[in-house]
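The values are calculated or read from the model by the stated rules, or taken from the named source; none is laboratory data. This one's a predicted model, so the numbers in the text were calculated from it and none came from an experiment. With ideal geometry, Cβ positions are generated from the backbone for all residues, glycine too; neighbour counts draw on all protein chains shown. We work out accessible area using only protein heavy atoms, side chains counted, and drop any ligands, DNA or RNA first. Shrake-Rupley method; radii C 1.70, N 1.55, O 1.52, S 1.80 Å.
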Protein chains: 2
Amino acid sequence: MNAPLKFDAATATVDTAAIAPFPNSTKVFIEGSRPDIRVPMRAVAQSDTPASFGGEPNPPIHLYDTSGPYTDPAAAIDIRRGLAPLRRGWIGERGDTEELPGPSSAFGAQRLLDAGLDSLRFELQRKPRRAKAGANVTQMHYARQGIVTPEMEFVALRENLRRKQYLAQLDASGPLGQRTAALLGRQHPGQSFGAAIPLEITPEFVRSEVARGRAIIPANINHPESEPMIIGRNFLVKINANIGNSAVTSSIGEEVEKMTWAIRWGADNVMDLSTGKHIHETREWIIRNSPVPIGTVPLYQALEKVNGKAEDLSWEIYRDTLIEQAEQGVDYFTIHAGVRLAYVPMTARRLTGIVSRGGSIMAKWCLAHHEESFLYTHFEDICAIMKQYDVAFSLGDGLRPGSIYDANDEAQLAELATLGELTQVAWKHDVQTMIEGPGHVPLHLIRENMRLQLEQCGEAPFYTLGPLTTDIAPGYDHITSGIGAAHIGWYGTAMLCYVTPKEHLGLPDKADVKDGIITYKIAAHAADLAKGHPGAQIRDNALSKARFEFRWEDQFNLGLDPDKARAFHDETLPKESSKVAHFCSMCGPHFCSMKITQEVRAYAAAGGIPEQQALARGMQEKAVEFVRGGAKLYREV
Amino acid sequence: MNAPLKFDAATATVDTAAIAPFPNSTKVFIEGSRPDIRVPMRAVAQSDTPASFGGEPNPPIHLYDTSGPYTDPAAAIDIRRGLAPLRRGWIGERGDTEELPGPSSAFGAQRLLDAGLDSLRFELQRKPRRAKAGANVTQMHYARQGIVTPEMEFVALRENLRRKQYLAQLDASGPLGQRTAALLGRQHPGQSFGAAIPLEITPEFVRSEVARGRAIIPANINHPESEPMIIGRNFLVKINANIGNSAVTSSIGEEVEKMTWAIRWGADNVMDLSTGKHIHETREWIIRNSPVPIGTVPLYQALEKVNGKAEDLSWEIYRDTLIEQAEQGVDYFTIHAGVRLAYVPMTARRLTGIVSRGGSIMAKWCLAHHEESFLYTHFEDICAIMKQYDVAFSLGDGLRPGSIYDANDEAQLAELATLGELTQVAWKHDVQTMIEGPGHVPLHLIRENMRLQLEQCGEAPFYTLGPLTTDIAPGYDHITSGIGAAHIGWYGTAMLCYVTPKEHLGLPDKADVKDGIITYKIAAHAADLAKGHPGAQIRDNALSKARFEFRWEDQFNLGLDPDKARAFHDETLPKESSKVAHFCSMCGPHFCSMKITQEVRAYAAAGGIPEQQALARGMQEKAVEFVRGGAKLYREV
């Protein structure tokens, strides 16, 4: 059933779609306290407001940029060489790691010596690193020592998106700039269900959140190519994209393309869920070329090593797999250590049983051996490995509900409590930890998931798959789940694992990956707005300002998908002149509500109804004052 | 700017896509208390469960069917003749209406006599009807007299979807049928925010809700072709699809196609928002061929009559337009009577001003005349027209926010209060009324919209456009708004007006219409599940049961879009044999969590872990008992 592998390492090239520039965008770097802290952002240039609308300036908006060097025209991209190891110096200067002579896992060593893999292998010149004997190299460990790492500072700069400087510069530029600042800087106070988001993210705040376990920075010392990012309820909501071939279809090149495609559209993390014969080689190509953290489910590969027979799994095989992958640079492992023997029979009464692959493998193992899961019994041994490389836990929800019927049932909640218990064990070892969540859950039962997770897992970041809010729309599960994802993100989930339209039906292609990502960027941003994340509304305000002022290009370019917005517009009005026209195809030139509003304003401003106008002016001034109030805007009410 | 009209009445034919049968589906009719009450449903046949999974029967699931005679192979469809007037007898036998000699609006009479329109005109043989002098022919009026109309009984049967009979028949069929009933009949108790949804909808309940104003049955006496449906917070959440050409693009045939396409995928109502020179003729074709209620914004046509100059509008022109459209059979009118003079200046401080076309037209009129809106001052005159034809009000939110920035602002909320006041006036005349709502609203401010609407508008049905939960995704506003729609539907909104991917960018084509509708069917159903609408979960349970049992065809066919689900599956595994295979492309044959779960169950059932298994069995019995508890399942907790 294994398809032949179509890939040649010698001629592998980057997907041209991954390196195309975004329209009107420039890659900029914000420098931190030292020159090697250079935080990438995408600056989207805009036109100034037409004189007829007020003529104010609209300086470039800075967007969070997950696309790495691929969208940097100054970077030479060669996927055979991989990305530059930007964190190498930071890791080295800490002096708590050492270079190994070669892979210390048996499997890793064996693959390296297998000449039959030469044509598939990424030629890594670097040796793997590991903590020196007795050392703990996790970001959590440093944070708890009071150390602010370069990674933490990087993350702080990245989260702030230059918002404060942007508004301050506008404010300083005169009355017209102040008008732009007043419109862009206003934001509805959020409802954050107990999150504690500061107005400005400082490196020290990042440190304290990581120390507290409320946020993680996935940053394996063997993935120095990664640009640090943070996952936690007091930061921007992140999204994860799953890629990976299966035994049925298979190509390394396609998976690298899916990764570069996913980060182009905004994936903050990518999980490689490949199965089949060449998981090891596929993973190497992905990690070496990925500027975002990479997660895996080591159990999938361990199962391949025992030819798919779950009952033949052992701690020894699993352990070797963890080391193999940790030395390749995987940043977090999904580990289904909460699927305990006693919980398995609880799933017998479900409508859809155990739908997690990892969960079902472990359930089968437990029943076959009449034994407690080796992931649970060896959990401290696993921690000992994780802290040598700074691999973070993503404690898997192997018993998540696979249907609305099974939502929030006893099996699911029993596992969640165990994940809370394991979180405390991981934290004892200073191992960074997040918790995976469901699955299929109707809207009104979502909050209970979040409430229990916060309570039982000590506010460790929650990382959910959707949840899907109904089962009736195969082919549209990005949407059934995007609804649930926005919801649970608002309540406090830190990272949303995307679902593509192909969920339940087939493997996603690049179009599906993009649809899944855009849907989840929407959900994450809707959640940020609802939580009242400081400055999250700037992008909405800027885009709506462009829309109202008929700056069509700016409207397209500030959106999540400039290509599609432009294409949709052009389907009806393809001429370039229409992009500066003060009307659109929905109403035509003589019947445009935006245009009429302009007339209403002009009329009113000319003194149309003096007493009413005075009232309106008074309100407007009050609004501006509200914006100038600054911090209180951004505080929780 | 008006494009030439591509249409020929003599050769117009139905779109073949509209009459294709759904796979494995049969049109069935549930007969009411008299033979002419025949409620259509779509019965989706399923395979029985394979013997290896238990072998239980899976009788056809009955789905709510908005597609009208188009999907009835027994119906002869000729759009030049229109649909059969199924309500004609009911309207006639009430004896309170009379046939008019011809259109009583000046414009309607003039269009009929214009020979230049012959090639465009639908040849209606029937004369318009109107209430006899002094009569009130609204469903609300009958309801308040204690009369249960055939329309009300039709609606009650339609809402129940044979759920009770379905489960009862399974229960009576023996132990295997009981297992299916237990799995399909179980539902999570909902959280309905004060809705009062009964376990079974009776005709008397429908009557009481209509009398109370908490629900409406849009049913113009001049649209006897329509199949009655109900809009109210204690019924299934409905969706509306907007169609309509613009002055820039234009074809009558395309708009009829969009209507038949929209109802095929589940639009409960369709609004014709056409502009341009042939609104009257386009509307006639749509209504005569529509089995669902049709709504319009009469102001659009009135504006055409004064050549687009808002200040030239007058009550007389508007009044004639209302009568013209009422006699064509429009079931509800969006009327922006809440845009009062005093509220217009409140919009001057907005980021995006007035984005409603109707709202901006009326704002301009008010300012030009320094006068209160004629829609407001003539509101009782309008009521007098509405009750002669049973046209329902859809009180328009002309001041809805067009950006996140403007959400829940003073202008919006001032208008809402006025809509509440007008609702009381409409109810004084027994005119059915619903209230339109926003717009652009961040997630956490949605509930306030619903709360205020319920409070200020006496629980008249809320009918919202989205709301869009962020502005940053032009090209994906079906999704930004589907998130908000699911949310507000859960809180109590009765009908969700769809938004297509082209919103803000261009006019939707058929692909966009379908994407918008499926997204909104998802939102409406997610809301029904969250509210705990009795039996709403049956479809989810049936689909997930099919999924778990590898009944691929049943999984596709029970979904909202069988075509897409099948196509997605076949992209990876095109062979017919794969649709009976017990694996799928995501994991391949040797690595399937569903399959492993089956093994776990079999193992456990064989006595794998006796003490645990006994525990699981006990829980399963308890679950079945819970289902058998019946009514309490469906009650609000």
Inset, instruction - In square nanometres and to one decimal, what's the mean projected area of the convex hull around the Cα atoms of chain A? - result: 29.2
Legend entry - Ellipsoid semi-axes in whole angstrom, largest first, where each is sqrt(5λ) of the Cα gyration tensor of region B:13-152: 40, 24, 10
Inset, instruction - Return the residues of region A:428-450 for which accessible area with all protein chains present is lower than in the chain on its own by 40 Å² or more; set the probe to 1.4 Å and exclude ligands, DNA and RNA. - result: A:L443, A:H444
Inset, instruction - Report, as an integer, the average count of C-beta atoms from other chains found within 10 Å of each Cβ along B:394-407. - result: 3
Inset, instruction - Let me know the mean shielding of A:519-526 by other chains, meaning the per-residue number of their Cβ atoms within 10 Å of its Cβ. - result: 6
Legend entry - Rh by Kirkwood over Cα pairs, then Stokes-Einstein D for region B:85-171 at 0.692 mPa s and 37 °C, µm²/s: 198
Inset, instruction - Pop out a list of residues from region A:469-486 that are at least 40 Å² less accessible with all the protein chains around than in their chain alone; 1.4 Å probe, no ligands or nucleic acids counted. - result: A:T470, A:D471, A:I472, A:P474, A:Y476, A:I479, A:I483
Legend entry - Efficiency of FRET between B:E455 and B:H370 - r from beta-carbon atoms, R0 25 angstrom, step 0.05: 0.15
Legend entry - Chain pair B, A: total accessible area buried, heavy atoms, 1.4 Å probe, Å²: 11200
Legend entry - Residue-wise HN-Hα coupling along region B:371-384, computed from phi with Karplus coefficients 6.51, -1.76, 1.60 (Hz; x: Gly, Pro): 9, 5, 3, 5, 5, 6, 5, 9, 4, 5, 5, 5, 4, 4
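Calculated from DSSP H runs of 4 or more alone, at -39500 (n - 2.57) each and per residue, what is the 222 nm mean residue ellipticity of the protein assembly as shown, nearest 500?
-13000 deg cm²/dmol
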Legend entry - Accessible area expressed per residue, region A:199-247, with surrounding protein chains retained (probe 1.4 Å, Å²): 17
Legend entry - DSSP beta bridge pairing in the protein assembly as shown, given as percent antiparallel to the nearest 5: 40
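Of all DSSP beta bridges located in chain A, what percent are antiparallel, nearest 5?
The antiparallel proportion sits near 40 percent.
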Inset, instruction - Note the distances from B:E93 to each other copy's matching label point, with points 7 Å along the Cα-to-beta-carbon direction, in nm, sorted shortest first. - result: 8.9
Legend entry - Acute angle (nearest 10 degrees) that the helix A:252-265 long axis makes with the longest principal axis of chain A, alpha-carbon atoms: 30
Legend entry - Average partner coverage of A:183-192, which counts Cβ from other chains inside 10 Å: 3
Inset, instruction - Starting from a label point 7 Å past Cα on the Cβ side, list the distances from B:P21 to the same position in the other copies, nm, shortest first. - result: 5.8
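What accessible area per residue, rounded to a whole number of Å², is obtained for region A:434-538 using a probe radius of 1.4 Å?
Value for region A:434-538: 14 Å² per residue.
Tell me, Kirkwood radius of the protein assembly as shown from alpha-carbon pair distances, in Å?
About 31.7 Å, per the Kirkwood formula over Cα pairs.
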Inset, instruction - Give me the angle, in degrees from 0 to 90, between the Cα long axis of helix B:610-628 and the longest principal axis of the Cα atoms of chain B, rounded to the nearest 10. - result: 30
Inset, instruction - Rank by packing, highest mean first: peptides A:325-331, B:407-413, with packing defined as the count of other Cβ atoms within 10 Å averaged across residues. - result: A:325-331, B:407-413
Legend entry - Protein accessible area in the protein assembly as shown, 1.4 Å probe - carbon and sulfur %: 54
Legend entry - Computed label-point distance, nm, for sites A:D8 and A:S33 using a 7 Å Cα→Cβ extension: 5.1
Inset, instruction - Tell me the distances, shortest first, between A:S104 and the same position across the other copies, using label points 7 Å along Cα→Cβ, in nm to one decimal. - result: 9.3
Inset, instruction - With a 10 Å radius around each residue's Cβ, average the other Cβ atoms per peptide and rank B:9-21, B:360-372, highest first. - result: B:360-372, B:9-21
Legend entry - Mean accessible surface per residue for region B:1-146, computed with a 1.4 Å probe while every protein chain stays in place, in Å²: 50
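Tell me, what is the percent relative contact order of chain A, built from C-alpha pairs under 8 Å that lie six or more residues apart? Could the numbers behind the result be given before it?
Details: 1277 pairs, mean separation 99.3, N = 637.
Averaging sequence separation for qualifying contacts and normalising by length gives 16 percent for chain A.
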Inset, instruction - Hand me the GluC sites (Glu not before Pro) from region B:107-186 located in a DSSP loop with no more than 15 other Cβ atoms within 10 Å, in residue order please. - result: B:E123
Inset, instruction - Express in nm, to one decimal, how much length is gained between B:E99 and B:S251 on full extension, taking 0.36 nm for each residue of separation and deducting their alpha carbon distance. - result: 51.6 nm
